[in-house]
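Colleague: Please see the structure below; I have some questions.
The values are calculated or read from the model by the stated rules, or taken from the named source; none is laboratory data. Note that the structure is a prediction, hence the values are computed from the model and not measured. Quick reminder, even Gly has a Cβ in these numbers, built from the backbone with ideal geometry, and neighbours come from all protein chains shown.
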């Protein structure tokens, strides 16, 4: 078993790479050659636009989900207003919520929001007949 009795001199690296100390430990911190350092490449405009377009589809889907939630909230308010006997304001809010819905880019979300929109239009058509 090796026993450590204390710390000796800490070797310092010179520009040539040799250690400076009274003892030679063999440990040398290598320096990176200037040619191996990274360089910053200019970014192509098309790449930035592609990244922005990807974010836009995400934002578009988020806005569409919010629109669907507003329509569902309006449908819930119509149920409560029907019990109170005065649902004209709730129907106007539902009509406005349907008009503010946006189309998402996600095909699954398109189907879900289409079903919500259809249900809201059925409710509006039902109220027009009454």
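Colleague: Might you check whether a residue that is assigned to a helix (DSSP H, G or I), closer than 30 Å to residue 125 by Cα, over 22 Å from the mean Cα position of the chain (by Cα) and modelled with pLDDT of 65 or more occurs anywhere in region 101-108?
Modeller: No, region 101-108 has no match at all.
Colleague: Here's another thing I want to ask about it. From the set of residues in region 71-104 that are touching a residue at least 40 places away in the same chain (Cβ under 8 Å) and buried (at least 16 other Cβ atoms within 10 Å of the Cβ), which is nearest to residue 58 (Cα to Cα)?
Modeller: 104
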